[in-house]
Amino acid sequence: MAVEPKTGTETARLSEARERYVARGVATSPLFVERAHGATIVDVDGREFIDFVGGIGVLTGGHTPEAVVAAIRDQAERYLHQCFSVSMYEPYIEVCRRICELHPGSFAKKALLQNSGAEAVENAVKIARYATGRDAIVCFDQAFHGRTLLTMTLTSKVMPYKKGFGPFAPEVYRAASPWPYRGIGTDEALASVRKLFKSQVDPQSVAGLIHEPVQGEGGFLPATPGFLEGIQEICREHGIVYIDDEVQSGMGRTGEVLAVEHYDGIEPDLIVWGKSLGGGLPLAGVSGRAELMDASHVGGLGGTFGGNPLSCVAALATLDQLEAPGFLEHARELGIHLQARLREIASGCPQIGDVRGLGPMVAIELVSDPLTREPDPAMTARVVALARERGLLLMAAGIYSNVIRVLVPLVAEREQIDAGLEILDGALADAA
Ligand SMILES: Cc1ncc(COP(=O)(O)O)c(C=O)c1O
């Protein structure tokens, strides 16, 4: 559905350069940004877009929030890079303190910082393995944990993430995760974890179990009631480290700081943070039980850039924004509004088979026939392309690429949200 850019435009010039110099495997949309603020992007030809993607869920606080930009400017004049292992700096420690305080559970916690969600997931697995002395990792259908060798192995979507990139990392076992619209409920999913321990791997060999409380790339599938309680219980029963991947669902995306807070009594052993943590700069981290975080020998964890000073001050300003009065309330109201409006749109569009989500982390699943529930990735691609032509940025998700997810900055004004939903409604009607 790629539309050729108009001849003579900046978009056409940059598209040509992109074709010439940037690797084909990097997926791109025909949009070159000139500037962005809040939930608005202006492109190099002066066109304005409402942003329902937020750099793939990175901008809960919006593009260029004043406090984040000011903190980065101020830090840039003091020092840019140190490497925390060479010379330490307070902003790194402060980010660790803040994410430890946000980690549910009354036990002692510690943290470390990395550059990307994938790198942080890798570190969570290293920590779980070291602390338990075990090798195996349990992950789930519809999971997405990143694109490095291990995290791609943990991921559950062949195209585009796995095809041609094997062999994969060993000792990874996959169970079912709830997807009520396609017949998998809490009981089936929990039974499939327990079955793994009979058919594939001894639970005493399992170091960690990693799960996203709302599966993001997999199609915005929130954990069903009882599922997180169930996996937490299984982990406790067998001494398995419960790793909660909140890279996409954290930092207020669901109307709570962490998505697991929607579920009673969930206290993950390790939490993986990323995306919106850095307010637009690359930053990720792992927080968790102090005894697990401290298990490794000195020097076993770290990296050159992890917890870069600019990213840390941006994160501190972003955490302030997240914890400011009204921020999460606004996100929750936005969630109610988005879900209601999407259901209204769905009532007039039979191709929307399911509307689902948690708070403002919502999505629609498109099917060619509501009875057979046959996924419709072609219509999904048409909707995304039509919406972009009309000034709304959308992104698909789901293992069948037939889900349209909303990752709008949570600071977006109601009028902007409604204008975006109008465009979506029109694009759905025309694409159908
Ligand atoms: C749940 C989850 N985990 C991990 C990752 C990987 O993060 P990154 O792309 O920063 O490596 C992502 C990215 O989309 C994600 O959604």
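The values are calculated or read from the model by the stated rules, or taken from the named source; none is laboratory data. These figures come from a predicted structure and were not determined experimentally. Here the Cβ is made from the backbone with ideal geometry for all residues, glycine too, and neighbour counts use every protein chain on show.
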Could you say which residue among Ile210, Ile240 is touching a strand residue (DSSP E or B) at 6+ places or on another chain (Cβ under 7 Å), within 16 Å of the ligand (Cβ to nearest atom) and more than 26 Å from Val355 (Cβ to Cβ)? Ile210
Consider Gln200 against the criteria (1) under 30 Å from Pro375 (Cα atoms); (2) free of Cβ contacts under 8 Å to residues at least 60 places away in the same chain; (3) surrounded by fewer than 22 Cβ atoms within 10 Å (Cβ to Cβ): it satisfies all of them except one. Which criterion is unmet? (1)
Can you tell me which residue is nearest to the ligand (Cβ to nearest atom) among those in the stretch 145-164 that are within 20 Å of Val214 (Cβ to Cβ) and hydroxyl-bearing (Ser, Thr, Tyr)? Thr151
Within the stretch 377-393, is even one residue touching a Lys or Arg at 6+ places or on another chain (Cβ under 9 Å) and surrounded by 20 or more Cβ atoms within 10 Å (Cβ to Cβ)? no
Looking at this structure, is Val247 crowded, with 24+ Cβ neighbours inside 10 Å, hydrophobic (A, V, I, L, M, F, W, C) and more than 13 Å from the ligand (Cβ to nearest atom)? no
His63 versus (1) over 24 Å from the mean Cα position of the chain (by Cα); (2) under 21 Å from Pro409 (Cβ atoms); (3) buried (at least 16 other Cβ atoms within 10 Å of the Cβ): which is the lone unmet condition? (1)
Is there a residue being modelled with pLDDT of 95 or more, more than 25 Å from Arg373 (Cβ to Cβ) and under 15 Å from the mean Cα position of the chain (by Cα) anywhere in the stretch 165-179? no
Looking at (1) within 16 Å of the ligand (Cβ to nearest atom); (2) more than 20 Å from the chain's Cα centre (by Cα), which is the one condition that is false for Lys109? (1)
Of all residues in the stretch 280-302, how many are farther than 18 Å from Ile93 by Cβ and either under 23 Å from the mean Cα position of the chain (by Cα) or within 16 Å of the ligand (Cβ to nearest atom) (or both)? 3
